1. Take the residues of segment 245-267 that are open to solvent by 50 Å² or more (accessible area, probe 1.4 Å) and more than 17 Å from GLY87 (Cβ to Cβ): which is nearest to the chain's Cα centre (by Cα)?
2. Can you pull out the residues in segment 76-111 that are in contact with a Leu (Cβ under 7 Å, 6 or more places away or on another chain) and of a type outside the set (A, V, I, L, M, F, W, C)?
3. For segment 39-53, check the following and say yes or no: at least one residue is among the small types (Gly, Ala, Ser), under 14 Å from the mean Cα position of the chain (by Cα) and within 19 Å of SER171 (Cα to Cα).
4. Hey, any hits in segment 60-74 for a residue that's open to solvent by 20 Å² or more (accessible area, probe 1.4 Å), modelled with pLDDT of 95 or more, assigned to a loop (DSSP other than H, G, I, E, B) and not basic (Lys, Arg)?
5. Considering only segment 113-145, state which residues are free of Cβ contacts under 8 Å to residues at least 60 places away in the same chain and of a type in the set (A, V, I, L, M).
6. Within segment 139-170, track down each residue that is of a type in the set (S, T, N, Q), more than 15 Å from GLY72 (Cα to Cα) and buried (at least 20 other Cβ atoms within 10 Å of the Cβ).
7. Would you mention how many residues in segment 107-120 are polar (S, T, N, Q) and open to solvent by less than 50 Å² (accessible area, probe 1.4 Å)?
Amino acid sequence: MFFEKISEKASLYNDLETKSVRELLEEINAEDHKPALAVQAAIPQIERLVLAIVPRMRNGGRIFYLGAGTSGRLGVLDASEVPPTFGAPPTWVIGLIAGGDKALRSPVENAEDNLQSAWQELVEYHINRNVTVIGIAASGTTPYVIGALRDARQHGILTACITSNPDSPLSAEADIPIEVIVGPEYLTGSSRMKSGTAQKMALNMISTSVMIQLGRVKGNKMVNMQLSNAKLIDRGTRMIVDELGVDYERAKDLLLLHGSVKAALDADKDASKDSSKDANTSASSQ
């Protein structure tokens, strides 16, 4: 069956090599306004996916991103940002790319054409029905991703996809297809551009909203972030200053003692409860 890929259609712009740098930049920027609108249109599907993921995660589930090339790299990127941002274990969100880690920097010939390899990789993680598998492919035709979703679905695992083409073979294998239709790329077929931008936006929305729902954020603060450098220690210290009204050095001591903003705030809350309980006990005995 013939499948027309919008993402592969000819650019709306021509004779790029004759344009000035300013013209190129302004035209690319004009096209870059489109991904946000495409993602906005897909919010109902993204919402449906997040609502399905959260109970699975609360029951010990995990999220797997699968992709090849740019799509795979973006999945690995989003997964790798979850532990430092939310203090979550690295096993909660995992990114797999066709060709393995080598493909993060260099193309691996024919890796994306293997229909079975991604499922074989998933099996090595001892997956179960609490897992969510999200395939990422601008074209919607990548065998590596399609094969994994097909097998996952047959095993009763929740599947979703992010693609730039409507009614693609990949969407047909997904329980929840997320189609972000950004139109032809500025550079014909270069899905690292608008398609990649839309994928990154959708992935940000999925992982961030899931982590918020799982209690990894307080107010609008990253209270579970890893304290991996001086900047983040300073940020965490200032959060504690704002929450508890203590001086900077005391806040920093609390942060380093407990290892995260949330743990420090929880410890202070518990200490306040104990203090109040002791005071009430003392008053009752008099």
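The values are calculated or read from the model by the stated rules, or taken from the named source; none is laboratory data. Bear in mind the structure is a predicted one, so any value in this text is a computation, not a measurement. Note that we place each Cβ from the backbone using ideal geometry, even for glycine, and neighbour counts take in every protein chain shown. These area figures cover heavy atoms from the full protein model, side chains too; ligands, DNA and RNA do not enter into them. Shrake-Rupley method; radii C 1.70, N 1.55, O 1.52, S 1.80 Å.
1. Kept after step one, since they are open to solvent by 50 Å² or more (accessible area, probe 1.4 Å), are these residues of segment 245-267: 245, 247-250, 252-253, 256-258, 262, 266.
So of that shortlist, the ones also more than 17 Å from GLY87 (Cβ to Cβ) come out as 245, 247-250, 252-253.
On the way: GLY245: 34, ASP247: 35, TYR248: 33, GLU249: 35, ARG250: 35, LYS252: 30, ASP253: 32 Å.
Checked segment 245-267; the qualifying residue nearest to the chain's Cα centre (by Cα) is LYS252.
2. Let us first name the residues in segment 76-111 that are in contact with a Leu (Cβ under 7 Å, 6 or more places away or on another chain), namely 76, 78, 96-97.
Within segment 76-111, ASP78 is the sole residue that qualifies.
3. Taking segment 39-53 first, the residues among the small types (Gly, Ala, Ser) are 41-42, 52.
Then keep just the ones that are under 14 Å from the mean Cα position of the chain (by Cα); that gives none.
So far as segment 39-53 goes, no, none of its residues is among the small types (Gly, Ala, Ser), under 14 Å from the mean Cα position of the chain (by Cα) and within 19 Å of SER171 (Cα to Cα).
4. yes
5. Across segment 113-145, the qualifying residues are LEU115, ALA118, LEU122, VAL123.
6. Step one: list which residues in segment 139-170 are of a type in the set (S, T, N, Q), which gives 139, 141-142, 154, 159, 163-165, 168.
Right, trim to more than 15 Å from GLY72 (Cα to Cα) and you get 154, 159, 165, 168.
The answer is THR159, ASN165, SER168.
7. First, pick out the residues of segment 107-120 that are polar (S, T, N, Q): 110, 114, 116-117, 120.
Of the ones still in play, those that are also open to solvent by less than 50 Å² (accessible area, probe 1.4 Å) are 117.
Going through segment 107-120 one residue at a time, the tally reaches 1.
For every residue, the table says whether it meets (1) farther than 30 Å from GLY215 by Cβ; (2) in a helix (DSSP H, G or I).
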{"residue": "VAL76", "(1), (2)": "no, yes"}
{"residue": "ALA88", "(1), (2)": "no, no"}
{"residue": "THR91", "(1), (2)": "no, no"}
{"residue": "ALA103", "(1), (2)": "yes, yes"}
